[in-house]
Amino acid sequence: MSDKVKYTHIAFYRANWDVQPCQSFEEAKAFLEKIYDEDGKEGFAEETIHGYDFIAEITHKSNYVVDDRRKNYDDVSLEDTEDYNEWPYSDDADTVGHVEMVPVKPPVSPERLAEVIVDCMLKAIVSRIDRADTSSFIANELSKALDIREKE
């Protein structure tokens, strides 16, 4: 999965265990409808009839957190020294860590973005911000209003 493509939904067709990541609800719905159009000619699958197909919105994604790195340990050439600190994990691993599930921010609609930009500009005007500081003020306010995180 490319980092540039942002999947927001998953369509699931139980009869064949088809899982399709999609960029919108409409795309997920179209995926299932295409299957139904093809399968419906011969009768629908039991799973479809009983409601086992679904479209799910992605709310969280995995995030690998590094707990330790090989570079934090001594080189093997120091093995015979008294203070040698050996990498205690597999030789195949350069890092060890754990996985956390982090919330995914939904895409911001153009209407909401325009509303927030106007709000931020009005705040800058009312606060009488210096012209030189206006762009950084607006960027900061946008960031807060849209809850944008630097780490993605």
Q.
I'd like to check something: does region 99-108 contain any residue that is surrounded by 11 or more Cβ atoms within 10 Å (Cβ to Cβ), of a type in the set (A, V, I, L, M), closer than 30 Å to His9 by Cβ and at pLDDT 80 or above?
A. yes
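For Ile125, indicate whether it is surrounded by 12 or more Cβ atoms within 10 Å (Cβ to Cβ), modelled with pLDDT of 65 or more, hydrophobic (A, V, I, L, M, F, W, C) and out of contact with any Leu (no Cβ under 8 Å at 6 or more places or on another chain).
Details: surrounded by 12 or more Cβ atoms within 10 Å (Cβ to Cβ): no; modelled with pLDDT of 65 or more: yes; hydrophobic (A, V, I, L, M, F, W, C): yes; out of contact with any Leu (no Cβ under 8 Å at 6 or more places or on another chain): yes.
No, not satisfied.
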Restricting attention to region 57-73, the residues that are loosely packed, with under 12 Cβ neighbours inside 10 Å and of a type in the set (A, V, I, L, M, F, W, C) number exactly 2
When every residue in region 1-50 that is part of a helix (DSSP H, G or I) and in contact (Cβ under 8 Å) with a residue 24 or more places away in the chain is compared, the one surrounded by the most Cβ atoms within 10 Å (Cβ to Cβ) is Ala28
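The values are calculated or read from the model by the stated rules, or taken from the named source; none is laboratory data. Source: prediction; values computed, not measured. Using ideal geometry, Cβ is built from the backbone for each residue, glycine included, and neighbour counts are taken over all protein chains shown.
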